[in-house]
Amino acid sequence: MLGARALNSANTFSLVAGHSVGEITAAALAGVISDIDAMKLVRARGIEMAKAAAVKPAGMAAVLGGDREVVLRAIADLGLVAANDNGAGQIVAAGDLDALAQLAPEGARVRALAVAGAFHTSYMEPAVAPLRALAASIEVHDAKCGVISNKDGTVIRDGREILDRIVAQISNPVRWDLCMTTLSENVSGALEVPPAGTLVGLLKRAVPIVETFALKAVADIALADEFAMRHNQEVSN
């Protein structure tokens, strides 16, 4: 968030998006919630999801490559959930640990992730109500620019709907593949704020027509400003 705030205020963004907890940052950057309230949500989200993860052992595994339909079928056949559909040949399965150990879709590689639970699945349902109560107490505003939702890649501007979707996403899959499709249809450039690199990497592989920039350090701010300004000019022209 600090990285984005360091950019020249003359630069405007037509859309913002965040992956998983990054949706809270996106909401703050769009003016839906304050930076302070964003941090309150991030803190509470972490606490409540940790509590939910402690209820029943579960985990996640990245599935890399392979045919998409074959991978999704293998995940479903084991009673697992495609918790993160990241596009670019990357799907994260989540659920029962024994089922994850059996996951081996033909033509794909499976890598267990060092996480505490099955995030973005029904395992996280106990965390939803406390977060919903906190969200209800937060002042919201309609977005200054479109916010792309992890639920389905839809562009949302209504502040309360954005926050409601963020809360619900705790126990539902992240469709980052659909978010990237929305970006590809609406922007010529995408700038990722710190910690940067992962999302622009996915974007480069999935939709190479969108130019990307990863803002990783203070030394990159001037170049990031130039990148944003150039793409703003392309939109205005």
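No lab work stands behind these numbers, since they all come straight from the coordinates. Computed from a predicted model, the values in this text were never measured in an experiment. Here Cβ is always computed from backbone atoms with ideal geometry, including for glycine, and neighbour counts include all displayed protein chains.
Spin-label model, residue 230 to residue 35: label points 7 Å out along the Cα-to-beta-carbon direction sit 2.8 nm apart. Placing a pseudo-label 7 Å from each Cα along the Cα-to-Cβ vector at residue 55 and residue 205 gives an inter-label distance of 3.3 nm. The DSSP beta bridges internal to region 51-208 are antiparallel in roughly 95% of cases.
Run through all the Cα pairs of region 58-113 and give the fraction in each 10 Å bin from 0, expressed as whole percent. All Cα pairs considered, the percentages come to 29, 65, 6.
For residue 14 and residue 109, the FRET efficiency from 1/(1 + (r/R0)^6), where r spans their Cβ atoms and R0 equals 35 Å, is about 0.45. Between the beta carbons of residue 77 and residue 168, assuming R0 = 22 Å, the FRET efficiency works out to 0.25 to the nearest 0.05.
Cα centroids of region 86-122 and region 199-217: 24 Å apart.
Quick check on the chain: helices-only [θ] at 222 nm, where DSSP H runs of length 4 and up contribute -39,500 (n - 2.57) each and the sum goes over total residues. Nearest 500, please.
Computed ellipticity for the chain at 222 nm equals -13500 deg cm²/dmol.
Taking amide hydrogens as placed 1.01 Å from N in the peptide plane, the amide H of residue 78 sits under 5 Å from that of no residue at least 5 positions away in sequence or on another chain. Site pair residue 219 and residue 97 shows an inter-label distance of 4.3 nm when each label is modelled 7 Å from Cα along Cα→Cβ. Each residue of region 95-107 was assigned a 3J(HN,Hα) from its phi angle through the Karplus curve 6.51 cos²θ - 1.76 cosθ + 1.60 (θ = phi - 60°); the sequence is x, 4, 5, 5, 5, 4, 5, 8, 5, 8, x, 4, x Hz, with glycine and proline shown as x. The spread of Cα positions in the chain, taken along each principal axis and listed from longest to shortest, comes to 52, 43, 30 Å.
Packing, as the average of other Cβ atoms within 10 Å across residues, places the peptides 87-100, 177-190 in the order 87-100, 177-190, highest first.
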